[in-house]
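Q: Could you have a look at this structure, given as structure tokens, before my questions?
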Amino acid sequence: MGVEMEENRGAFDGHRAAELMVELREAFGSGRTRSYEWRVAQLKALFRMIDEKEAEIMAALYSDLAKPELEAFLHEVSLTRSACQLALKELKRWMKPEKVSSSITTFPSSSEIVSEPLGVVLIISAWNYPFILSLDPVIGAIAAGNAVVLKPSEVAPATASFFARTLPAYLDSSAIRVVEGAVSETTALLEQKWDKILYTGNSKVGRIVMAAAAKHLTPVVLELGGKSPVVVDSNVNLEVAVKRIIVGKWGCNNGQACISPDYIITTKSFAPKLVEALKSTLEKFYGEDPLESKDLSRIVNSNHFARLTRLLDEDKVYGKIIYGGQRDEKKLKIAPTLLFDVPHDSLIMKEEIFGPILPIITVDKVEESFDIINSRTKPLAAYLFTKDKILEEKFVNNVSSGGMLINDVALHLANPNLPFGGVGESGIGAYHGKFSFDAFSHKKAVLHRSFGGEAPARYPPYTLKKQRI
Ligand code: NAD
């Protein structure tokens, strides 16, 4: 039964979810998803799909978010393509059992760690990078030899419908499925017993996912968000720092990114220089009327538009706008906006912003930023701009966050040799590259012995003499 047929049969409810699970258990139980050949065939097909359907993918991303073409290509299409390519290149090596040394207690023996597929896994993805956030984990799940269900976000409907239409034409539909839908469909899916769930989205729903998973003792990867800080020291190349902050904030889906800079901390004395550089570079990049710029995504929908304007319109914040603030409700556009010295107890300093607004707060000494960051829930990313190696080392050793990047923003996720994930409130577990393969594998400990090497002391009757050996 393909996805189209599932759609023709009406609402996706608990009954349908149970049927789907039976089919996928059967596919996994057949053993075919475990073979190297099956995994490679699926990954190659996915790779081909990305190439052949690039125009459709870009059109879907434009329809969902008005994502600028270059951004859509680099951040979604190209990175997903590379993830697929890497899995194809490395799969044999990843699948190979890892030999480890044995201990004297088990002598003579040999030991290995075997990566085995977990079974049937569920991937629930979010709307902001709807293509890569769906396929990157799917690539890991397939590479690890699992059957998989992808539930893309209903908030990016064009991309979700692209997956439902297109994936069955390329992939083995008996083992890889797409279920479109929102809360009720996801709830029906979550009632099933999965072997792993990878969820990307906000932490409120993360808790719902984890509670549902706990009923079946299902392990989870939760890719959540948070308020990712950017600390700017005075000892920097200001021009480069500012360009990188801007492109990492507004040049990544107009601030609607999980690792988007959420707020800046800088010193009181350096702030005026930083603010001037931010303002003039923003104008250079997006013009005098940024609402008309083609290089900025729109806000995804009216709910998020209302959420963002509520943050901006709060009394404590309203007078703090030092740049931008323009909005166009009809076009769902908000201009790049800078706020200065907002109170720590304002809504905007409590909630993840996830949009084109960037507050700047100030401290006397740059090191004070460490306590500010550590006094909050742990962010998904933390950034520092400085030429001072000692400050850099202190930052790395004293600030806790999912990932960290020095002298740039957001780029760490483009290195597949680094795990991508949060800590504390920003998430559980990680993926990308080999970490995706590991996230969807069980690391089975296997000890091999022969019938030789008997130690009589091991067997009863236990005697004092044996104990002393
Ligand atoms: P979203 O609205 O697309 O929701 C995510 C998924 O949860 C969707 O598939 C949706 O159908 C499902 N969902 C929503 N409500 C549900 C419910 N009550 N029960 C079950 N499922 C439900 O995305 P969002 O939550 O707005 O995403 C934004 C958040 O995600 C931000 O906090 C952001 O930082 C975080 N995020 C994290 C990453 C990461 O990789 N760590 C990436 C992107 C976004």
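Q: Sort 252, 84 so the one with the fewest other Cβ atoms within 10 Å of its own Cβ comes first. List each step's numbers first, then the result.
A: Numbers: 252 22, 84 25.
The most exposed by this proxy come first: 252, 84.
Q: Among 38, 194, what is the fewest-to-most ranking by other Cβ atoms within 10 Å?
A: On the way: 38 16, 194 25.
Arranged by neighbour count, lowest to highest, 38, 194 become 38, 194.
Q: While we're looking at this one, here's another question. Evaluate the range 57-174: find the radius of gyration of its Cα atoms, find its Kirkwood radius, and give the ratio Rg to Rh.
A: Values: Rg = 18.6 Å, Rh = 16.3 Å.
Answer for the range 57-174: 1.14.
Q: Need one word for the range 217-366: rounded, prolate or oblate. Basis is the Cα gyration tensor (sqrt eigenvalues a ≥ b ≥ c); a/c below 1.5 gives rounded, then a/b vs b/c decides. Spell out each step's value before the answer.
A: Working: a/c = 1.39, a/b = 1.13, b/c = 1.23.
Note, shape of the range 217-366 comes out rounded.
Q: Give me the Å³ per residue figure for the convex hull around the C-alpha atoms of the chain. Walk me through the numbers before you get to the answer.
A: Values: hull volume 87.6 nm³, N = 469.
Considering the Cα atoms of the chain, their hull volume per residue is 187 Å³.
Q: Please determine, in degrees from 0 to 90 and to the nearest 10, the orientation of helix 79-95 with respect to the longest principal axis defined by the Cα atoms of the chain, where the helix direction is its Cα long axis.
A: Here the helix axis deviates by roughly 20 degrees.
Q: Would you mind checking the tilt of helix 389-398 against the longest principal axis of the Cα atoms of the chain, expressed as 0 to 90 degrees and rounded to 10?
A: Computed tilt is about 60 degrees.
Q: In sequence order, what are the phi-derived ³J(HN,Hα) couplings for the range 144-158 according to the Karplus relation 6.51 cos²θ - 1.76 cosθ + 1.60 with θ = phi - 60°, rounded to whole Hz, with x for glycine and proline?
A: Karplus-based 3J(HN,Hα) across the range 144-158 equals 7, x, 9, 8, 9, 10, 9, 10, x, 7, 5, 6, 10, x, 5 Hz.
Q: Using Stokes-Einstein with the Kirkwood hydrodynamic radius over Cα pairs, what translational diffusion coefficient do you get for the range 183-285 at 10 °C and a viscosity of 1.306 mPa s, in µm²/s rounded to a whole number? Please report the intermediate quantities before stating the final value.
A: Working: Rh = 16.4 Å.
Once the numbers are plugged in, D ends up at 97 µm²/s.
Q: Could you please report the charge total around residue 133, scoring K, R as +1 and D, E as -1 over all other residues with beta-carbon less than 10 angstrom from its beta-carbon?
A: Around residue 133, the charge tally is -3.
Q: Given points 7 Å out from each Cα along the Cα-Cβ axis, report the residue 411 to residue 44 separation in nanometres with one decimal.
A: 3.6
Q: Tell me the label-point distance for the pair residue 19, residue 307, using the 7 Å Cα-to-Cβ offset, in nm and rounded to one decimal.
A: 3.4
Q: What does the charge dipole of the chain about its Cα centre add up to, to the nearest 20 debye, if the Cβ of each Lys and Arg holds +1 and the Cβ of each Asp and Glu holds -1?
A: On the way: 57 positive and 57 negative charges, 387 e Å.
In total the dipole reaches around 1860 debye.
Q: So for the range 316-464, Kirkwood radius off the Cα pairs, Stokes-Einstein at 37 °C and 0.692 mPa s: how many µm² s⁻¹? Let's see the in-between values first.
A: Working: Rh = 20.0 Å.
Using the Kirkwood radius from Cα pairs, D works out to 164 µm²/s.
Q: Would you calculate, for the chain, the mean residue ellipticity at 222 nm contributed by helices, counting each DSSP H stretch of 4 or more residues as -39,500 (n - 2.57) and dividing by all residues, to the nearest 500? Spell out each step's value before the answer.
A: Details: 17 runs with 188 residues, N = 469.
Per the formula, -12000 deg cm²/dmol.
Q: Multiply the residue gap between residue 446 and residue 103 by 0.36 nm, knock off their C-alpha separation, and tell me the result in nm, one decimal place.
A: Values: separation 343, 0.36 × 343 = 123.48 nm, distance 1.31 nm.
Length gained between residue 446 and residue 103: 122.2 nm.
Q: Where does the range 135-179 land on Rg(C-alpha)/(2.2 N^0.38 Å)? Walk me through the numbers on the way to the answer.
A: Values: Rg = 10.3 Å, N = 45, 2.2 N^0.38 = 9.3 Å.
The range 135-179 yields a ratio of 1.10.
Q: If Lys and Arg each add +1 and Asp and Glu each add -1, what is the summed charge of the other residues whose beta carbon sits under 11 Å from the beta carbon of residue 443? Write down the numbers at each step before the final one.
A: Working: positive: 444; negative: 98, 112, 116, 438.
Summing Lys/Arg as +1 and Asp/Glu as -1 gives -3.
Q: Please label the shape of the range 257-305 as rounded, prolate or oblate, based on the square roots a ≥ b ≥ c of the eigenvalues of the alpha-carbon gyration tensor (a/c under 1.5 means rounded; beyond that, a/b larger than b/c means prolate, else oblate).
A: Judged from the Cα gyration tensor, the range 257-305 comes out oblate (a/c at least 1.5, b/c at or above a/b).
Q: In whole angstrom, note down how far apart the Cα centers of the range 72-114 and the range 366-403 are.
A: Going from one Cα centre to the other spans 31 Å.
Q: Sticking with this structure for a sec: What is the antiparallel percent of DSSP beta bridges lying wholly in the chain, to the nearest 5?
A: Numbers: 19 of 55 bridges.
Around 35 percent antiparallel, to the nearest 5.
Q: Restricting to lysine pairs 8 or more places apart or on different chains, what number in the range 211-288 have Cα atoms under 16 Å apart?
A: Details: 227/249; 243/273; 243/279; 243/284; 249/279; 249/284.
Summing the qualifying lysine pairs gives 6.
Q: So for the range 130-177, averaging the separation of alpha carbon pairs under 8 Å that are six or more residues apart and normalising by length, what relative contact order in percent results? Walk me through the numbers on the way to the answer.
A: Numbers: 29 pairs, mean separation 19.3, N = 48.
In percent, rounded to a whole number, it is 40.
Q: In addition: What size of dipole, in debye to the nearest 20, comes out for the range 314-469 about its Cα centre when the only charges are +1 on Lys and Arg C-beta atoms and -1 on Asp and Glu C-beta atoms?
A: Values: 21 positive and 19 negative charges, 274 e Å.
Its charge dipole is roughly 1320 debye.
Q: Report, in whole Å, the centroid distance computed from the Cα atoms of the range 410-432 and the range 438-469.
A: A separation of 38 Å, based on Cα centres.
Q: May I ask for the net charge around residue 247, where only other residues with Cβ less than 15 Å from the Cβ of residue 247 are counted and Lys, Arg are +1 while Asp, Glu are -1? Write down the numbers at each step before the final one.
A: Values: positive: 67, 243, 244, 249, 284; negative: 71, 239, 283, 295, 408.
Once all neighbours under 15 Å are counted, the net charge is 0.
Q: Fewest first, what order do 90, 425, 329 take by the number of other Cβ atoms within 10 Å? Walk me through the numbers on the way to the answer.
A: On the way: 90 15, 425 20, 329 12.
Starting with the residue having the fewest Cβ neighbours, the order is 329, 90, 425.
Q: Turning to a different aspect of this structure: Determine the relative contact order of the chain: mean sequence separation of Cα pairs under 8 Å and six or more apart, normalised by residue count, in whole percent. Let's see the in-between values first.
A: Working: 897 pairs, mean separation 86.7, N = 469.
Once divided by the residue count of the chain, the mean separation gives 18 percent.
Q: To continue, here is another question. Treating the beta-carbon of each Lys and Arg as +1 and of each Asp and Glu as -1, no other charges, what is the dipole magnitude of the range 1-136 about its Cα centre, to the nearest 20 debye? Numbers along the way, then the final one.
A: Working: 16 positive and 21 negative charges, 151 e Å.
Roughly 720 debye, rounded to the nearest 20.
Q: Quick one: in the range 390-453, what % of C-alpha pairs are over 17 Å apart?
A: Numbers: 1186 of 2016 pairs.
The answer is 59 percent, as a whole percent.
Q: Need one word for the range 1-130: rounded, prolate or oblate. Basis is the Cα gyration tensor (sqrt eigenvalues a ≥ b ≥ c); a/c below 1.5 gives rounded, then a/b vs b/c decides. If you can, show how the numbers build up before the last one.
A: Values: a/c = 2.61, a/b = 1.47, b/c = 1.78.
Note, shape of the range 1-130 comes out oblate.
Q: Let me ask something additional. Over what distance in Å are the Cα centres of the range 135-204 and the range 316-332 separated?
A: Measuring centre to centre over Cα atoms gives 36 Å.
Q: Okay, next question. In degrees between 0 and 90, to the nearest 10, how far off the longest principal axis of the chain does helix 54-65 point, with axes built from Cα atoms?
A: That helix lies at roughly 60 degrees to the long axis.
Q: Expressed as a rounded percentage, what relative contact order does the range 1-148 have, with Cα pairs under 8 Å and six or more residues apart?
A: Values: 136 pairs, mean separation 44.3, N = 148.
Value for the range 1-148: 30 percent.
Q: Given H placed on each backbone N at 1.01 Å, which residues far from residue 339 in sequence or on other chains put an amide H within less than 5 Å of it?
A: Sorted by chain and number, the residues that satisfy this are 322, 358, 360.
Every read-out reported here was derived from the displayed coordinates using simple, explicitly stated rules and does not represent laboratory data. Since the model is a prediction, treat every value here as computed from it, not as a measurement. So basically every Cβ, Gly included, is an ideal-geometry build from the backbone, and we count neighbours across all protein chains shown.
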